[in-house]
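The values are calculated or read from the model by the stated rules, or taken from the named source; none is laboratory data. All figures in this text were calculated on a predicted structure; none of them were measured in a lab. Just the protein is used for accessible areas: all its heavy atoms, side chains included, with ligands, DNA and RNA removed. Shrake-Rupley method; radii C 1.70, N 1.55, O 1.52, S 1.80 Å.
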Amino acid sequence: LGAPLGSSNAVISPGEQTPWPVIEAQVRAAAEADFVLTFCMPSAKPEDSRLEEVLSLARQYRGPGTPVAVVRDAQRAEQQVRLATLGALEAYEVAEQSILIIGSSRTRIVGGRMVTPDGR
């Protein structure tokens with residue numbers, strides 16, 4: 001994948017156990033602070049409205065060209081990494097057991113890898 005977490009980052013799990021207002025506040029705060037956003041999607045199904053809402057919130061704070069990555073089956077033989085942009089990513093592309101990483105305003109694709117400078 002590269003080095004997408006080279007700067008400040010937040011990990012959020014938008015699962016059904018956490019009330020939506022809590023998740024919404026977390027996403028807004030981290031996105032507004034320009035953190036790299038990492039979402040652990042244990043049950044991200046296409047019909048899961050939370051994923052659509054998470055993407056909608058992220059799009060309020062990030063431009064459509066913001067790099068994103070979807071990692072499926074991380075650390076398994078079937079692992080798949082897909083790089084895209086926030087504007088092009090569709091919720092159905094984030095399968096169960098995926099990790100979704102949304103870059104900050106400084107994240108770039110360099111040599112086919114997602115990179116966020118550390119701020120130096």
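Taking every DSSP beta bridge with both residues inside the chain, roughly what % is antiparallel (nearest 5)?
On the way: 19 of 25 bridges.
Just about 75 percent of them are antiparallel.
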Item to check | the stretch 1-42 shape via C-alpha gyration tensor axes, a/c threshold 1.5 | outcome: oblate
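How high is the relative contact order of the stretch 1-88, in percent, counting Cα pairs under 8 Å that sit 6 or more residues apart?
Values: 101 pairs, mean separation 22.2, N = 88.
Relative contact order here is 25 percent.
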Item to check | 5 angstrom amide H check on Leu5, placed H, neighbours 5+ away | outcome: Thr116
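Give me the percent of accessible area attributable to carbon and sulfur for the chain, probe 1.4 angstrom. It would help to have the intermediate numbers written out before the result.
Values: 3180 of 6310 Å².
Taking all protein chains in place, the chain shows 50 percent carbon and sulfur surface.
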